[in-house]
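S.K.: Structure incoming, see below.
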Amino acid sequence: NDKIMAALAHVSALLPFMGVIAPIIIWATQKDKSEYVAFQALQAVAYQLLMILAWFVGIGCYMLSFFTMFLGIPFAGESGQVDPSIAPLFAAGFIIPFIIFGAIFVGGALFVIYGLIAAIQVFQGKDFRYIIIGNWLDNYLQKNN
């Protein structure tokens, strides 16, 4: 039962934004029953909040690059020809939003895959710790106990 609850907390990463609710509920209901489940659920909450924050930062960068691209359009000139002295910069202005969007997509997929790896590990009964988050959370909890 503990393994299933801990795995559910992590597998909820499949539902970005809404998925953070499940580990909060699991932590709230299991914190007094199982220290293992409570720790895994708390990790999942921190991890998914980080995923949401990263998404907002990524979308902010995308929007900034997208609107910056439109600022370059007036420099195309009347005939639509770009001045050769600014051509590389002009081209970069059109390519960068696509690169950022791709990075957001790949990063989101990696976040979900890492959450699934965590779910599999705890379902097998192993003590999983997210990189940085796991040790930080453990230290934080030990200081406050």
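The values are calculated or read from the model by the stated rules, or taken from the named source; none is laboratory data. For clarity, every value in this text was computed on a predicted model and none was experimentally measured. Heads up, the Cβs are rebuilt from the backbone with ideal geometry, glycines too, and the neighbour counts pull from every protein chain shown. Note: accessible area is taken over every heavy atom of the protein model, side chains too, but ligands, DNA and RNA are not part of it. Shrake-Rupley method; radii C 1.70, N 1.55, O 1.52, S 1.80 Å.
S.K.: Residues of the range 23-42 with amide nitrogen under 15 Å from the 7 Å Cα-to-Cβ point of residue 3?
M.R.: In the range 23-42, the label zone of residue 3 (backbone N under 15 Å from the point 7 Å along Cα→Cβ) covers 37.
S.K.: Right, another one. Helix 133-143: angle to the longest alpha-carbon principal axis of the chain, degrees 0 to 90, nearest 10?
M.R.: 50 degrees
S.K.: To the nearest 10 degrees, how steeply does helix 2-11 sit against the main Cα axis of the chain, on a 0 to 90 scale?
M.R.: 10 degrees
S.K.: Largest first, how would 3, 143 line up by accessible area (1.4 Å probe)?
M.R.: Details: 3 95, 143 165 Å².
Accessible-area ranking of 3, 143, largest first: 143, 3.
S.K.: Given the whole protein assembly as supplied and a 1.4 Å probe, what does the accessible area of residue 27 come to in Å², nearest 10?
M.R.: Here the residue's solvent-accessible area equals roughly 80 Å².
S.K.: Over the chain, what lengths in whole Å, largest first, do the semi-axes of the equivalent ellipsoid take, defined as the square roots of 5 times the eigenvalues of the alpha-carbon gyration tensor?
M.R.: In descending order, the three semi-axes are 45, 13, 12 Å.
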